[in-house]
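Student: Just dropping this structure here.
What follows is calculated from the coordinates using simple rules that are stated; it is not laboratory data. Keep in mind it's a predicted model, so treat the numbers as computed, not measured. Here Cβ is always computed from backbone atoms with ideal geometry, including for glycine, and neighbour counts include all displayed protein chains.
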Amino acid sequence: MLLLLLAPNFSLSTLLGLQRKLDHVFRNQVLAGTGLTAEQATILLELEGTISFGPPGESLQDADKYVGFAALAERLTLTKPALSRRLADLEVQGCVEQRSVLETGLSGGDRPHGNAAQVRITARGRRKTAPVVRELLKLASDLFGSLTPKERAAYCQAFESVNRRVEERLERSAKSGRPLSRKD
């Protein structure tokens with residue numbers, strides 16, 4: 001049992017247990033009846049821009065609401081092959097559409113760039129995420145509604161600090177070109 005005590009009656013095991021419980025609520029309550037997996041919903045929510053998994057106010061969307069494939073993979077901490085498989089399933093369902101980025105060739109003609117693609121959510125994808133957003137807002141209200149403004153601010157400050165530290169680890173790993181290890 002992991003007993004790294006962070007505060008009286010609060011250990012790292014408590015935090016990991018909360019993560020498992022929230023994942024269970026997300027999969028079994030928030031996504032109930034949508035036909036979406038947690039991974040699909042996460043991708044669609046990021047593409048929609050309603051709920052972003054990056055820094056507040058930082059959108060990945062261009063003027064046409066497309067998101068670069070590589071940027072989306074990085075934001076969702078997925079490998080490009082893993083994201084590609086998930087997007088293929090969503091494309092078959094009509095929830096996303098993909099396009100190649102054109103580049104001007106040496107002869108002056110535009111051609112698809114082999115390593116660059118973009119993706120965006122479709123109207124069908126937005127319809128599928130609408131109940132997810134509603135349920136997430138209800139869940140947030142239920143979880144945080146009873147906290148005082150001071151308690152919410154303290155929670156957010158602590159969460160942001162821990163999140164920054166995790167992001168720093170991920171950035172170091174990305175810069176070194178190797179996966180996270182115990183040394184990190």
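Student: In nm, to one decimal, how far is the modelled label at Arg20 from the one at Asp64, with both set 7 Å along Cα→Cβ?
Tutor: 4.6 nm
Student: Using a Förster radius of 35 Å, what is the FRET efficiency between Thr148 and Ser173 based on their Cβ-Cβ separation? Nearest 0.05, please.
Tutor: With a Förster radius of 35 Å, E is 0.40.
Student: Would you kindly derive the ³J(HN,Hα) couplings of region 151-168 from the backbone phi angles with the Karplus curve 6.51 cos²θ - 1.76 cosθ + 1.60 (θ = phi - 60°), listing them in order in whole Hz, with x for Gly and Pro?
Tutor: Calculated HN-Hα couplings, in order: 5, 4, 5, 5, 4, 4, 5, 5, 4, 4, 5, 5, 4, 4, 5, 5, 4, 4 Hz.
Student: Label points 7 Å out from Cα along the Cβ direction at Arg99 and Leu139: separation in nm?
Tutor: Going by the 7 Å Cα→Cβ label model, 3.3 nm.
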